[in-house]
Amino acid sequence: MKRKSTFKSLLALALAVVLVFSTNVTPASAAKKKAKATNAVKSVKVVSPAGTKKIATVARGKSIKLTVTVKAKKKAFKKVTYKSSNAKVATVSKKGIVKGKKVGTTTIKVVSVKNKKKTASIKVKVVKNAVKKVTLNKKNLDLAVGASEKLSAKVNAPKKSYKAVKWTSSNEKVVKVSNKGVVSAVGEGTAKVTVTALDGSKKKATCTVAVWNGIKDVQLNNPRNNYYVDSYKVVLDTPIALTKDSFVVKSKVRAEGTYNRELEVEKVFTNDNLNYTIFTKNSVEMGEFVQVSVPSLKGKNAVELQALADGYEYRQLVSGVVGDEINTGVGFKNLVGYETVSVASGNLPAGLAIEKYTNNIKGKVAAVAENQVVNFTGTDELGRTASSKVNFLIGDKNKVVAENKTIGDQANALIYPHEYIGSYINVEGGSGEYRATLLDTYNDLFYLDSENTDENGNKYTTTSSRVYVNGRSGKVEAGTYTLRVQFTDIENPTLTAIGTLTVVVTPAVSVTTVLYNYDSSTDELMFYNHDLNETFSAVSADETTDYEKKILTSKVCLPAGNYSVYIESYGEQITLAKYVSLGADTVLSYTAPTRATINGTLTDRNGAKLNKRAYVRIYKADKTDEPIGYDYVSSYDDGKYEFKCVPNGTYVIKAFDNESDKELATSATITVTGANIVVDFPNLPIDNEPSYN
């Protein structure tokens, strides 16, 4: 009995332990699962079709769809349920579609299935009437890349309706549209912009937008403010590869006129296929109108502009002797049409005045004027102004006067080191015959034209009006040089005057270029400065050529800036460097591409090789009236001619009689692709020259 009782006690104790453990473990597991469910869903948000969080509006009898965003760890956790606080006003489906039942307001509550504590609510307003129709002001729209335009939507709806709309684009890589209907072109292509009523009526209107690459801007390329313009900067909407044949440039004189004159596009520069600099063979004058177009572009493909540039100081000399009748105009740079003239500073010499109807300086000069400067202001028909500086140099029989002038100090006429330098200095009065001596030579760096040397070793020249001052080519460095010229009257040596030429040489960078595979007979090395729109030839006094190795070594001084480097050969531009920045003394090295040789033999009517009687010209195939090279047949050539280093392209060669210049024969079109070509001219209709042995 006692054992049985002990067994029962142990069994009861074991059951009690199990019970304790089971009551402790089960609640802990359940809590963990509950915590996971809570953390699985972060948030629930709901917005109306208009994108608002507070209220959605729907017309009675129409439906709208709410947009719900659930932030959850898994897609399966994003399920929600919907409930309307007043189903008599509006109902909501399992998919969040709200249907308006009667006018009033209700609240739609959105609850996470996974975590019912995560909810969102939005008020829904039901209006009485629905939108009848939505229209746009345009059904089709063409835009250039980067351009924008605002579309206007008209919503036809009765009173007590909701007229809000939503704008969408079918392809945002082509166009984007703002919530105010502003359409922005992003890239080439076609897209549909749709405006939709947000009241559930599903009324909408669509505009098809075509976006094309076009011309964004065209400007004169005239940084030097020249009167004649032959270059333009063209900016495209997006990059596209174009050639000189892609551009068409036309001009006209009158604004109301038509573009009857077409200018030949000679060359084109670009570094990125977006920004182009184009050059025309002919120029336009200030005030004329220009149209630049790229017909192949589907967007904006033509731009018009007027050739206008700021005026700069124009300098002129009026010279003579007392008693001379003066009648001369006052010149101005870059003014358009007729201008009015007024004196800005200084006084006219005695006897002279501005004539009212011609604006000329006119009268009988009555007094000596020794570098008497008068500044004038001109105003053109457009109200633009420019200045003119007139230096009066008037002598008489008892007074010799000589000119003072400065060169190289104006932005449009700078002088750089090693360039050719030369200018006249004028003299008036006395007998009119003078001996001139350059007093400042800077160690023989400067000299006068036609100099003689007298018995004392002094250099001089004689003149009746002026002398020409030169600088040694390739020798003059940067700096300011004051060059005095003394004039002595030959008949009366007591009459003298000193004129001064001030030469300003602007600092520049020294550029040494080594060009391999160079052909001296055809190649000209060129540097084009993009910043100044100025082309510099590398031909200089500091140039050496190894003819056997075909190596050119050139040294020139160029203004700092960005350049394209190229060879001009047979009317073609062969690029060596598209874009190189020169800011300090530099050594450049290039190799010209290997090009073809065209040669052949000319024979007379009897088949004998010509000696001296003929010559040949080479032309571009599309310009057979403009020769780009020629070669004479001599008695040493045995009837042969040769064109070396001909670039790829199409050409025509013509043979001519050397005596009469009569055309004898024309070749077929020659296509050059790098290989040498032989083009003979047999049995030309002339006789060979007789041989004298």
Q) Among the residues of the stretch 493-501, is any more than 30 Å from residue 427 (Cα to Cα) and buried (at least 20 other Cβ atoms within 10 Å of the Cβ)? A) no
Q.
What's the number of the only condition in (1) within 28 Å of residue 222 (Cβ to Cβ); (2) free of Cβ contacts under 8 Å to residues at least 40 places away in the same chain; (3) not β-branched (Val, Ile, Thr) that residue 333 fails to meet?
A. (2)
Q) Can you tell me which residues in the stretch 462-491 are polar (S, T, N, Q) and either within 12 Å of residue 421 (Cβ to Cβ) or within 41 Å of the chain's Cα centre (by Cα) (or both)? A) 470, 473, 480, 482
Q.
So residue 603 ticks every box in (1) within 30 Å of residue 478 (Cα to Cα); (2) among the polar types (S, T, N, Q); (3) in contact with a Pro (Cβ under 7 Å, 6 or more places away or on another chain) but one. Which box is left unticked?
A. (1)
Q) Given 469, 509, which one is under 30 Å from residue 223 (Cβ atoms), hydrophobic (A, V, I, L, M, F, W, C) and crowded, with 18+ Cβ neighbours inside 10 Å? A) 469
Q. Does residue 269 qualify as being more than 30 Å from residue 361 (Cβ to Cβ), of a type in the set (Phe, Trp, Tyr) and outside the structural domain of residue 569 (by TED's automatic domain parsing)?
A. yes
Q: Just name the residue that is nearest to the chain's Cα centre (by Cα) out of those in the stretch 520-539 that are surrounded by fewer than 17 Cβ atoms within 10 Å (Cβ to Cβ) and either hydroxyl-bearing (Ser, Thr, Tyr) or assigned to a loop (DSSP other than H, G, I, E, B) (or both).
A: 531
Q. Among the basic types (Lys, Arg), in contact with a strand residue (DSSP E or B) (Cβ under 8 Å, 6 or more places away or on another chain) and crowded, with 16+ Cβ neighbours inside 10 Å: does that describe residue 267?
A. yes
Q | Criterion: out of contact with any Asp or Glu (no Cβ under 6 Å at 6 or more places or on another chain) and of a type in the set (Phe, Trp, Tyr) - qualifying residue of 279, 289 | A | 289
Q | Criterion: over 15 Å from the mean Cα position of the chain (by Cα) and crowded, with 19+ Cβ neighbours inside 10 Å - qualifying residue of 318, 303, 294 | A | 318
Q) Can you name the number of the only condition in (1) of a type in the set (D, E, K, R); (2) buried (at least 20 other Cβ atoms within 10 Å of the Cβ); (3) closer than 30 Å to residue 61 by Cβ that residue 237 fails? A) (3)
Q | Subset of the stretch 134-174 [among the hydroxyl-bearing types (Ser, Thr, Tyr) and closer than 14 Å to residue 210 by Cα] | A | 148, 169, 170
(Q) Please list, ordered by residue number, the strands (runs of 3 or more DSSP E) wholly in the stretch 19-137 having 1 or more residues that are under 21 Å from residue 155 (Cβ atoms) and modelled with pLDDT of 90 or more. (A) 55-59, 63-65, 97-100, 119-127, 133-136
(Q) I'm told residue 417 meets every condition in (1) buried (at least 17 other Cβ atoms within 10 Å of the Cβ); (2) assigned to a loop (DSSP other than H, G, I, E, B); (3) more than 35 Å from the chain's Cα centre (by Cα); (4) not aromatic (Phe, Trp, Tyr) except one. Can you identify the failing condition by its number? (A) (3)
Q.
Scan the stretch 648-666 and tell me whether some residue there is of a type in the set (Lys, Arg) and either under 38 Å from the mean Cα position of the chain (by Cα) or buried (at least 18 other Cβ atoms within 10 Å of the Cβ) (or both).
A. yes
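The values are calculated or read from the model by the stated rules, or taken from the named source; none is laboratory data. Please read all numbers here as calculations on a predicted model, not as lab measurements. Virtual Cβ from ideal backbone geometry, glycine too; neighbours counted across all protein chains shown.
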